[in-house]
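The values are calculated or read from the model by the stated rules, or taken from the named source; none is laboratory data. What you see is a predicted model, and the numbers here were worked out from it, not measured in a lab. Because the Cβ atoms are built from the backbone with ideal geometry, glycine has one as well, and the counts that use them run over all protein chains shown.
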Amino acid sequence: MKDTFYITTPIYYVNDVPHIGHAYTTVACDVIARYHRLRGEKVFFLTGTDEHGEKVAQSAEEHGVEPKAWADSMIPRWREVWERLQISFDDFIRTTEERHERPVQEFVQRLYDRGDIYQGIYRGPYCVSCEEFKVEGELLEGNLCPIHGQPVEWLEEENYFFRLSKYREELLRLYEEHPEFVQPRERRNEVVSFVRGGLQDLSLSRVSFEWGVPVPWDPKHVIYVWIDALQNYITAAGFGNDPERFERTWPADVHVVGKDILRFHAVIWPAMLMAAGIDVPRTVLAHGWLLVGGQKMSKTKLTGIHPFELTDHFGVDAYRYYFLREVQFGQDGNFSWESMLARYNADLANGLGNLASRVLAMLGSYFDGAVPERPEGEAGRLQEAGARLAERFDAAVTSLDLTAAAAALDEFVREANRYLVEVAPWKLAGDPGRRPELAAVLYEAVEALRLIAVYASPIMPDAASRLWEQLGIPEPLAGQVLPEAARWGSIASGTKTNRGEGLFPRLDA
Ligand SMILES: [Zn+2]
């Protein structure tokens, strides 16, 4: 029985240079994965690399090495980005691994045995950069890939085809019965009308090069790289290797993808699974593009920004927070250095960072750093706001609206800062008769910080752990899961806090 929350990034094309678009997808998945762990769930978070196809073979040849060696040499630049961005994946699959290739053959053989694969001739344009067959009508100037602006190859070769067209009705029923299958809604509408328009069978193999998984019954063919790649989601979960683990893990709860690869995930992938008699994933979540100067990022147009260009300046936590908070998840969004700087200073330096340093400084001056007694009586203003944060954050992440989650956190921080300005504990401190009031205010404030550490942890794991440290709360209390972790009043009086360094120093332009 399934007992694991399973979330995936797309596997990235090993030849690519990681840019902030890849990181956007991966951070989003990481936030969702961390939040589900915070809820005490068992989580399997998968990422990896897509290493077959003509483009990899060509690059390897240009560099005079074997394709596998070429792919090996590309892996560190992916791993170093995910490490720096604190991506907590549980598995990193490479499509050149035996644990992937053999089950892929098993899967394709199953489709063949069931009569869903047949032989035919493919004629038409193919873009090697996309690793994708094109429709003549979409080419620019009759010959150029609309995405890459490079000439396409004209293929005429004997291929195996997958009977995709056969699954039209079943797919439409899936979208109808499970409106949550494609998210957000406008993307679902696009998929539905595409499938309504009719589906063509899909070329599933290539014969003109060898770098791929051989078709088991006809090994001079290799399996089309996309068909091979999609299966990472089941092979990494144990399909063909560990049936018991597969049972506990599959179906995936969420495949997070960019909208440009939605059709592969929301049409072809479920159809293939249907053909194989395997459950389809629960949700395919397509996010928008990050635009730079209004254009989709790409290496060829020199608009690709490497994440380190930003983390070096803003830090990893701010990087992770910014894109989720700034770009409505699901929509396209513009990246600019100016907006990132503005967001950093407003939400993190003046918001969260300022709140923490203020509260900890006051605890230091008025209570020698020790958390005062919890006040008796009714719930205070921040306790109520904290309950709303818990509710909103949970609703947001479980409905995959990560922007709303980041906003809920930010609004709680703002509320806490407003509260301090209004009650002005620094004035209370001047009057010995109002000491109990001062204690009550600071207890509220320090509990608010603790709650912030809990809810910041999926988005800004490093800032959260520094905050725990400053609050003087060691593991395992800091490692508690929800809902206990959010229970108001769990910081013990007398806990020794220390101000430490500012979480988010203000940055100048
Ligand atoms: Zn292309």
Return yes when Ser165 is more than 16 Å from the ligand (Cβ to nearest atom) and of a type in the set (Gly, Ala, Ser) and no when it is not.
yes
Return the residue satisfying two criteria in turn: it lies in region 116-131 and is under 11 Å from Val152 (Cα atoms) and in contact (Cβ under 8 Å) with a residue 60 or more places away in the chain, and of such residues it is surrounded by the most Cβ atoms within 10 Å (Cβ to Cβ).
Glu131
Residues that are surrounded by fewer than 20 Cβ atoms within 10 Å (Cβ to Cβ) and either within 16 Å of Leu482 (Cα to Cα) or in contact with a Ser or Thr (Cβ under 7 Å, 6 or more places away or on another chain) (or both): does region 412-422 have at least one?
no
Is there a residue in region 360-367 that is surrounded by fewer than 16 Cβ atoms within 10 Å (Cβ to Cβ) and under 18 Å from Leu467 (Cβ atoms)?
yes
Going through (1) within 16 Å of the ligand (Cβ to nearest atom); (2) under 30 Å from Arg248 (Cβ atoms) one by one, Val128 fails only at (2)
Which residues, counting only those in region 125-142, are assigned to a strand (DSSP E or B), of a type in the set (A, V, I, L, M, F, W, C) and at pLDDT below 85?
Phe133
Go through Pro458, Pro474, Pro425 for me and flag whichever is more than 25 Å from Ala379 (Cα to Cα) and crowded, with 19+ Cβ neighbours inside 10 Å.
Pro458
Looking only at region 384-419, and only at residues there that are out of contact with any Phe, Trp or Tyr (no Cβ under 9 Å at 6 or more places or on another chain) and in contact (Cβ under 8 Å) with a residue 24 or more places away in the chain, the one that is nearest to Val254 (Cα to Cα)
Ala407
Is it fair to say Asp317 is surrounded by fewer than 18 Cβ atoms within 10 Å (Cβ to Cβ) and either out of contact with any Ser or Thr (no Cβ under 6 Å at 6 or more places or on another chain) or in contact (Cβ under 8 Å) with a residue 12 or more places away in the chain (or both)?
no
Residue check: is Arg381 buried (at least 18 other Cβ atoms within 10 Å of the Cβ), touching a residue at least 12 places away in the same chain (Cβ under 8 Å) and among the basic types (Lys, Arg)?
no
Per the filter on region 269-297, residues farther than 23 Å from Gly21 by Cα and in a helix (DSSP H, G or I) are Pro270, Ala271, Met272, Leu273, Met274, Ala275, Ala276
Of all residues in region 493-508, how many are loosely packed, with under 12 Cβ neighbours inside 10 Å and closer than 30 Å to Asp394 by Cβ?
0
Only one of these is in contact with an Asp or Glu (Cβ under 8 Å, 6 or more places away or on another chain) and modelled with pLDDT under 95: Leu291, Leu310. Name it.
Leu291
Inside region 110-124, the number of residues satisfying the requirement of being at pLDDT 90 or above and either within 16 Å of the ligand (Cβ to nearest atom) or part of a loop (DSSP other than H, G, I, E, B) (or both) is 3
Does region 341-354 hold any residues that are within 15 Å of Ala406 (Cα to Cα), in contact (Cβ under 8 Å) with a residue 12 or more places away in the chain and not hydroxyl-bearing (Ser, Thr, Tyr), and which are they?
Arg343, Asp347, Leu348, Gly351, Leu352
Keeping to region 266-288, report how many residues are at pLDDT below 95 and touching a His at 6+ places or on another chain (Cβ under 7 Å).
0
Trp154 is checked against (1) modelled with pLDDT of 90 or more; (2) outside any helix (DSSP H, G or I); (3) exposed (fewer than 14 other Cβ atoms within 10 Å of the Cβ) and fails just one. What number does that condition carry?
(1)
Looking only at region 132-149, filter to residues that are within 24 Å of Ser205 (Cβ to Cβ), more than 10 Å from the ligand (Cβ to nearest atom) and charged (D, E, K, R); which one of those is surrounded by the fewest Cβ atoms within 10 Å (Cβ to Cβ)?
Glu138
Take Leu174 and tell me if it is out of contact with any Gly (no Cβ under 9 Å at 6 or more places or on another chain), buried (at least 17 other Cβ atoms within 10 Å of the Cβ) and farther than 15 Å from Phe264 by Cα.
yes
Residues being surrounded by 14 or more Cβ atoms within 10 Å (Cβ to Cβ) and either among the β-branched types (Val, Ile, Thr) or not in a helix (DSSP H, G or I) (or both): count how many of those fall in region 329-353.
6
Would you check which residues across region 11-44 are more than 15 Å from the chain's Cα centre (by Cα) and not aromatic (Phe, Trp, Tyr) and list them?
Val14, Asn15, Asp16, Val17, Leu38, Arg39, Gly40, Glu41, Lys42
The one condition Asp218 fails out of (1) charged (D, E, K, R); (2) part of a helix (DSSP H, G or I); (3) in contact with a Phe, Trp or Tyr (Cβ under 8 Å, 6 or more places away or on another chain) is (2)
Check region 462-476 and report whether any residue there is of a type outside the set (Gly, Ala, Ser), within 26 Å of Ala349 (Cβ to Cβ) and not in a helix (DSSP H, G or I).
yes
Any residue in region 195-208 that is farther than 16 Å from Ala271 by Cβ, part of a loop (DSSP other than H, G, I, E, B) and more than 28 Å from the chain's Cα centre (by Cα)?
yes
